[in-house]
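The values are calculated or read from the model by the stated rules, or taken from the named source; none is laboratory data. All values reported here derive from a predicted model rather than from experimental measurement. Counting neighbours? That spans all protein chains shown, and the Cβs are built from the backbone with ideal geometry, glycine included.
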Amino acid sequence: MLRIGKFAANLGTTPKTIRYYEKIGLLKTPDRTDQGYRMYDADTVNRAKLVFGLRRLGLSIDEVLDLLTDEEEPSLRKRTMALLDSHIRELGVTISVLQGRFDDLSSRHSALLALPRNHPPDCICGALYVPCTCVRDAKSTS
């Protein structure tokens with residue numbers, strides 16, 4: 001049996017998070033001592049390890065709640081696999097989008113590096129891929 005401080009520390013979290021998870025039903029409300037201290041049994045410790053493990057995989061609190069309370073599909077493994085498949089697909093899309101942004105920014109950075117020396121120091125036209133008027137404007141103000 002563990003008190004909340006030790007229980008939270010063992011999970012790498014805070015007592016506030018433990019109390020919140022109890023409030024929303026992810027963890028059962030523990031028995032209390034005569035002095036009012038929460039005492040967590042082995043079953044709750046194991047459930048908490050499962051909850052925090054799922055959260056570390058990137059699942060939202062709502063997804064963990066749904067996963068652990070869905071009675072329509074009795075297999076926790078099947079439900080977890082389906083949810084992870086969905087997350088993998090979403091991450092694939094996110095990675096593709098981020099890779100495109102990375103490539104675009106790298107290209108624009110290279111364009112700035114390649115600007116001829118006759119361009120003013122504040123010229124960023126090369127990174128914006130617009131016709132440069134900075135050289136003409138700089139010459140007309142000279």
Quiz prompt | Close pairs (7 angstrom Cβ cut-off, 6 or more residues apart or separate chains): at positive phi in the stretch 21-50, modelled with pLDDT of 90 or more and surrounded by 13 or more Cβ atoms within 10 Å (Cβ to Cβ) anywhere | solution = 25/65
Quiz item: From 7, 52, which residue is modelled with pLDDT of 90 or more and touching a strand residue (DSSP E or B) at 6+ places or on another chain (Cβ under 7 Å)?
Solution: 7
Quiz item: Consider residue 126 against the criteria (1) loosely packed, with under 11 Cβ neighbours inside 10 Å; (2) in contact with a Lys or Arg (Cβ under 9 Å, 6 or more places away or on another chain): it satisfies all of them except one. Which criterion is unmet?
Solution: (1)
Quiz item: Hey, residue 114 hits all of (1) closer than 30 Å to residue 7 by Cβ; (2) small (Gly, Ala, Ser); (3) at pLDDT below 90 but one; which does it fall short on?
Solution: (1)
Self-check item: Selected residue (criterion: farthest from residue 63 (Cα to Cα)) from residues of the stretch 20-42 that are charged (D, E, K, R) and surrounded by fewer than 15 Cβ atoms within 10 Å (Cβ to Cβ)
Solution: 34
Quiz item: Does residue 45 satisfy being within 17 Å of residue 3 (Cβ to Cβ), among the aliphatic types (A, V, I, L, M) and surrounded by 12 or more Cβ atoms within 10 Å (Cβ to Cβ)?
Solution: yes
Exercise. Scan the stretch 74-103 for residues that are surrounded by 11 or more Cβ atoms within 10 Å (Cβ to Cβ) and modelled with pLDDT under 90 and jot them down.
Key: 76, 79
